[in-house]
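Peer 1: The structure's right below; bear with me while I get my questions together.
The values are calculated or read from the model by the stated rules, or taken from the named source; none is laboratory data. Note that this is a predicted model, so its numbers are computed, not measured. Backbone-built Cβ (ideal geometry, glycine too); neighbour counts: all protein chains shown.
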Amino acid sequence: MNQEYPSILLEKAVDEFSKLPGIGRKTAMRLVLHLLRQDKSDVEAFGNSIITLKNEVKYCVSCHNISDTQTCQICANPQRDHRIVCVVENIRDVMAIESTQQFRGVYHVLGGIISPMDGIGPSDLEIPSLIDRVESGAIKEVIFALSTTMEGDTTNFYIYRKLEKTGVEMSVLSRGVSVGDELAYADEITLGRSIVNRTKFSTNI
């Protein structure tokens, strides 16, 4: 046991919390000590919610968004325009765009972006299923809503080349979202305007 910790149980808990993104050991210690001060029932509810999430959460068979059922609420909603698909990196981006209330189409969650430095290639993402959706003939427009980084632009271009012969309309968010920004951190007004004022992708290559 590290002499810095009075309990090996405390040390193990801090080790686990510090594995979370953006959580250093000092913050992990603060979180663990906070949980220790809570009622046992509250801590059990906290732990069980994480275990239940991991064991029971589903991914939409159509768009790969997180869902409680086989088809997510967005894809199951007949009021959405299923001819317009917004391609995003992750679930946080779906939540960010939904918060603008400016988009009434559906989504396609890639599960990441192409990043050779991180060992992530096209085969690691949900790109084949997107191509299948477009080739089914039911899609009128694909909106690229990936982060305006080199990796995001590379992913946009890769998908564009895969879809360019299908005849589907392809567009990209207007550059109201600053270059280098992650979509989830854009403010709602800027992101909403970027969706409404999207432009054809072919003019941005």
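Peer 1: Working only within the stretch 145-172, note down all residues that are closer than 21 Å to I97 by Cα and part of a loop (DSSP other than H, G, I, E, B).
Peer 2: Answer for the stretch 145-172, where residues must be closer than 21 Å to I97 by Cα and part of a loop (DSSP other than H, G, I, E, B): A145, L146, S147, T148, T149.
Peer 1: Still on this structure: Against the condition assigned by TED's automatic domain parsing to the domain that holds K200 and basic (K, R), how does R37 come out, does it pass?
Peer 2: No; evaluated as a whole, the condition is false for this residue.
Peer 1: Being of a type in the set (S, T, Y), at negative phi and touching a helix residue (DSSP H, G or I) at 6+ places or on another chain (Cβ under 7 Å), is that true of even one residue in the stretch 33-52?
Peer 2: no
Peer 1: Still on this structure: Could you tell me how many of the residues in the stretch 96-144 are more than 19 Å from Q79 (Cβ to Cβ) and assigned to a helix (DSSP H, G or I)?
Peer 2: Adding up the residues that qualify gives 16.
Peer 1: List, please: which pairs have Cβ atoms under 6 Å, are six or more places apart or on different chains, and start with a residue in the stretch 50-66 that is under 26 Å from C86 (Cα atoms) and end with one that is among the charged types (D, E, K, R)?
Peer 2: Listed by first residue and then by second, the contacts come to H64/E126.
Peer 1: Next question. Going by the conditions given, is K12 exposed (fewer than 10 other Cβ atoms within 10 Å of the Cβ), over 21 Å from D132 (Cβ atoms) and not assigned by TED's automatic domain parsing to the domain that holds D132?
Peer 2: no
Peer 1: Hey, among Q101, Q38, Q73, which residue is farther than 23 Å from M170 by Cβ and touching a residue at least 24 places away in the same chain (Cβ under 8 Å)?
Peer 2: Q101
Peer 1: Here's a follow-up. Would you check which residues across the stretch 103-150 are small (G, A, S) and either over 21 Å from K165 (Cα atoms) or crowded, with 19+ Cβ neighbours inside 10 Å (or both) and list them?
Peer 2: G105, G111, G112, S115, G119, G121, A145, S147
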